[in-house]
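Scroll down for the structure; my scribbles are underneath it.
The values are calculated or read from the model by the stated rules, or taken from the named source; none is laboratory data. Just so it is clear, the model here is predicted, and its values are computed rather than measured. So basically every Cβ, Gly included, is an ideal-geometry build from the backbone, and we count neighbours across all protein chains shown.
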């Protein structure tokens, strides 16, 4: 960091000025301060020898985090930073195995282990609650980023290479190449990518750091190696630790690596985009299915100032929420009420790059109406700037942002990792890494300006949106022939390349393939594998850490009380039984749950209600929870509509007032808004098919075996999409009938009888909050209907779901209950090992798919295999079918078994924040997953051995004879697949 910037930091208070002169392990302290917002001590160091910077956050968080980030601005769209991100984790100097990353995944208690490629940086984070495991992860990652082997074989495998298919045609493959083909098959992804690129045509943000499939094949191995040499130097890095580990040990671990380098400048700074003199309009096609022929995407995009101005970042964070953050926010509402489109498009505020930008528009627009979208956006912004934003909308935006910042609820994402990524937004560009964490100052100043009557948000709209010439309106027009043309063009190009190959060129391709296959076929030596640091079974906890829990009754409702420290927030889960619904109403449940939160009541219309929720609470969400029940058979299902709510303790009366309103008085008469919701829901399911095709395939497979699987698919999968299309017709012809169904749902579902309510709050507040929750529940209707029978629709044994895509999502389902198999906890270990070893090697490494997964439903007894962004179909199906043979035929060493067990225990003991603990406890109660059963499962996991692996393999192999198949992909591939998969039923889902 330059002297000029350090001088700028001097205005920040130093908690320990004397520490500024201290030196340890080759580091000098630049700043030592308290970040009160997150109860952390922050020490910023510079490594004397190399100039590397380290931010060390010391807190009581047991989930310890380390991260290494390098500024990696690409000059073109070859995807070199992305390919390198994959490749540095494929073996290093100290750990010369093919996949240290996978070996860690097999046998670590990590709570996070991954890597990210951004448009301007590449990040390598790890996290664990186990100290020894944490240090192991840190060492492997440091050796990987600084001393990777990255031989040519790794470049060919992870990037791209030529090969010949079974028909003798020249093709290209590679993990990143196929991954990015999948990305470019999603119009939402294409829109997001080109919104950024068209705003930044003259900087590194104007190219695709992930890689454009058309450009990736221009990347050479020499350029790939040079990129690492140029940017992966300590002086170009930003290093980070957070948690409750020893801060001096952090310096020792990192310093041991950094001391091996000399200082060296890296020309990696990201230039600012110069402003446009006038707005631009750009149009480009996207690959559409026949059913999407009349549905375009339109997004207006504005370039905003540098992210270094945290006061302005805070302004735009609030402005984003006010304009589009709620279902009834004024800009969102104007766009959806216009009828011009089906759902919002654009990513809103982007504040992770050097310069912010804002993107908003519509998807599902008639091509002839695309010009009206920009006009509507500008007219709405002009009106809002002139009239002023609604005061309650501003209050809601400020409260929602403040609650989110103070709660710091990152879900399964480690909190420390979230803080690091926020710090990098400024730190990466030589700014203050602590300014994004110190939100109290900017937030307080914004609240004071708003209280004084300043039109802060309106002024920002006028200056940075209405009067800003740096605007791009991007339109994606549907092209139903684009996919076919792409395939034909690629085939023609490759045929031309093949025809032009001389003997030397053919020999070079053959040599590359030999290098690749030899690399893939050569097993790691036991000696090299033994270098990967690992825990021992003795390091594992023999018992689970119980979630504090006490059960109580509140009339006909049951309470689960979890006294956990929550920093002044109360979390409430209300699980209402769905068992009394008639079968025909089951698919309406997701829209019913959303309607409760968005339609309004006689007292609070939709706008007032949504703003009141944001202003008075930390949010209310809904989900349809569906799962099997332990030891109850395939036709038993635990199905609940769950409302999850949270608020600070002083706002809990407001929360219960709001919940009481929506549960008993929601007005289902707002036909226009309900139609919008149904249209949005259908559009979102359609857009989800390509980027999450593996989830769709898995859900469709599970629907074949159990009532819980079938019900979940009806609520979230292809069946829900088909239902929503039918509902659209009914909404036009018979809204009164739909409204009556919604009111019936309220009468049958929202009762205190059979309701399970979870409360997670500090011990000190538990007594008063338990009373408040019990009092609230007594205000709900008491009757509960008798359970109804639900259907399990028959599905074909083999199914092809046609979508516009350049890749496939392949699924195979195996019903183990037909083989005489019975569950043992060791089967979870075997299933996990299959994913990390066999599927990783056969489907990802050799097959070129971006990912492959397998899961075992221990309650229902089905194994499901799926692949992600896969260039293959038959080969992947065959690999899935042979998974059992792999377990039957492989000899597993004691070390491999130990790693497998450790990894499985890591999954079982996943780190949870307080709200997640309460929610998990509720789910366990609903499914009958008792502490005794979990103890038995844990003991079986710890006792897993080769004999049980073989037995599980035998069950998989026996079930493979009657396997079910689901493949999502382009029509041409499904046509070809029909020849090898008898009885393949086709369904054009788009």
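Assorted remarks:
- Residues of segment 250-272 that turn out to be touching a helix residue (DSSP H, G or I) at 6+ places or on another chain (Cβ under 7 Å) and either exposed (fewer than 14 other Cβ atoms within 10 Å of the Cβ) or within 30 Å of residue 182 (Cα to Cα) (or both), as a count: 5
- The condition (being over 24 Å from the mean Cα position of the chain (by Cα) and crowded, with 19+ Cβ neighbours inside 10 Å) is satisfied by just one residue among 421, 446, 428: 446.
- Number of the condition not met by residue 373 [criteria: (1) at pLDDT below 95; (2) buried (at least 23 other Cβ atoms within 10 Å of the Cβ)]: (1)
- Scanning segment 181-211 for residues that are outside any helix (DSSP H, G or I), surrounded by 19 or more Cβ atoms within 10 Å (Cβ to Cβ) and modelled with pLDDT of 95 or more gives 200, 203, 207, 208, 209, 210, 211.
- Among the residues of segment 289-343, the one identified as on the phi < 0 side of the Ramachandran plot and without any contact (Cβ under 8 Å) to a residue 12 or more places away in the chain is 309.
- Scanning segment 314-329 for residues that are touching a helix residue (DSSP H, G or I) at 6+ places or on another chain (Cβ under 6 Å) and part of a helix (DSSP H, G or I) returns 314, 315, 317, 318, 319, 321, 322, 323, 324.
- Among (1) over 16 Å from residue 457 (Cα atoms); (2) surrounded by fewer than 20 Cβ atoms within 10 Å (Cβ to Cβ), the one test that residue 361 misses: (2)
- For residue 246, the conditions (1) surrounded by fewer than 21 Cβ atoms within 10 Å (Cβ to Cβ); (2) in contact (Cβ under 8 Å) with a residue 40 or more places away in the chain all hold with the exception of (2).
- Looking across segment 119-149, the residues that are surrounded by fewer than 22 Cβ atoms within 10 Å (Cβ to Cβ) and assigned to a loop (DSSP other than H, G, I, E, B) come down to 129, 147, 149.
- Just so you know, in segment 684-694 the residues that are without any contact (Cβ under 8 Å) to a residue 40 or more places away in the chain and in a helix (DSSP H, G or I) include one that is nearest to residue 181 (Cα to Cα), and it is 688.
- Residue in segment 592-600 that is in the same structural domain as residue 716 (by TED's automatic domain parsing), at positive phi and either in a helix (DSSP H, G or I) or modelled with pLDDT of 95 or more (or both) present: yes
- Those residues of segment 879-896 which are crowded, with 19+ Cβ neighbours inside 10 Å and modelled with pLDDT of 95 or more, in sequence order: 879, 880, 881, 883, 884, 886, 887
- Residue identified as without any contact (Cβ under 8 Å) to a residue 24 or more places away in the chain, more than 29 Å from the chain's Cα centre (by Cα) and surrounded by fewer than 21 Cβ atoms within 10 Å (Cβ to Cβ) among 451, 366: 451
Okay, residues lined up against (1) at pLDDT below 95; (2) not in a helix (DSSP H, G or I):
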position: 224; (1), (2): no, no
position: 228; (1), (2): no, no
position: 254; (1), (2): no, no
position: 264; (1), (2): yes, yes
position: 270; (1), (2): no, yes
position: 277; (1), (2): no, yes
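- Among the residues making up segment 701-745, a single one is surrounded by 21 or more Cβ atoms within 10 Å (Cβ to Cβ), outside any helix (DSSP H, G or I) and without any contact (Cβ under 8 Å) to a residue 24 or more places away in the chain: 717.
- Checking the stated criteria, residue 306 turns out to be within 24 Å of residue 436 (Cβ to Cβ) and either modelled with pLDDT of 95 or more or under 24 Å from the mean Cα position of the chain (by Cα) (or both).
- Identity of the residue in segment 480-512, surrounded by 16 or more Cβ atoms within 10 Å (Cβ to Cβ) and modelled with pLDDT of 95 or more, that ends up nearest to residue 302 (Cα to Cα): 494
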